[in-house]
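K.L.:
Mind looking over this structure? Questions follow.
Every number in this text was worked out from the coordinates using simple rules, so none of it is lab data. Being a predicted model, the structure only gives us computed values, none of them experimental. We place every Cβ from the backbone using ideal geometry, glycine too, and count neighbours over all the protein chains shown.
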Amino acid sequence: MTDKSKKASLVTTIYTSQYQGRESESNIIIDNQKDLVALFKSVGAEEMPNIDFSKNQVVALFLGTKSTGGFRISIDRVEESEGKIYVFKKIETPKADEMVTMALTNPFVIAEIHSKKEIVFE
């Protein structure tokens, strides 16, 4: 019987919200504490994660302003290939018959990437 150990996950979700994101759709990469503090302040997050930037990076994916609730953005998966880290995002939209919040929303997700390799968003 062979011992097959699981490879450690390349991503850990840190923070997600439907509110206080950015007005336009964007993806950013954070590689230092100063920029992380600024990011967390900009989204109104109170708890600051402890990130070892000598080994890791942080990504933030913003969906932009939406006219109702029911929209979500998340990281579907993260893969390493050809010396790069590929971050695949998942965007969910409300179904036609779904009851949603009638308010402006700005969905986003912030995640730690457990690698210092170049990040590519897909």
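K.L.:
Against the longest principal axis of the chain, how steep is helix 33-42, in degrees 0 to 90 to the nearest 10, with axes from Cα atoms?
P.N.:
20 degrees
K.L.:
Suppose a student asked you for the relative contact order of the chain, using Cα pairs under 8 Å spaced at least 6 residues apart; what percent would you report?
P.N.:
Computed over the chain, the figure is 37 percent.
K.L.:
Using a 10 Å cut-off on Cβ atoms, rank the peptides 18-26, 95-103 from the highest mean neighbour count down.
P.N.:
Those peptides, ordered most packed to least, come out 18-26, 95-103.
K.L.:
While we're here: Just list whichever of 41/89; 66/117; 95/116; 34/90; 34/95; 89/116 have alpha carbons separated by over 30 Å in the model shown.
P.N.:
Violating the 30 Å Cα-Cα cut-off are 66/117; 95/116; 34/95.
K.L.:
Which label belongs to the value computed from this structure, given these candidates for volume of the Cα convex hull per residue in Å³: (i) 94; (ii) 151; (iii) 103?
P.N.:
Of the listed options (i) 94; (ii) 151; (iii) 103, (ii) comes from this structure.
K.L.:
Let me ask something else. Once fully extended, how much extra length lies between residue 104 and residue 20, figured as 0.36 nm per residue of separation less the alpha-carbon to alpha-carbon distance?
P.N.:
So the extension gain works out to 29.2 nm.
K.L.:
Note down the nm distance, to one decimal, between modelled labels 7 Å out along Cα→Cβ at residue 122 and at residue 65.
P.N.:
Roughly 3.3 nm, to one decimal.
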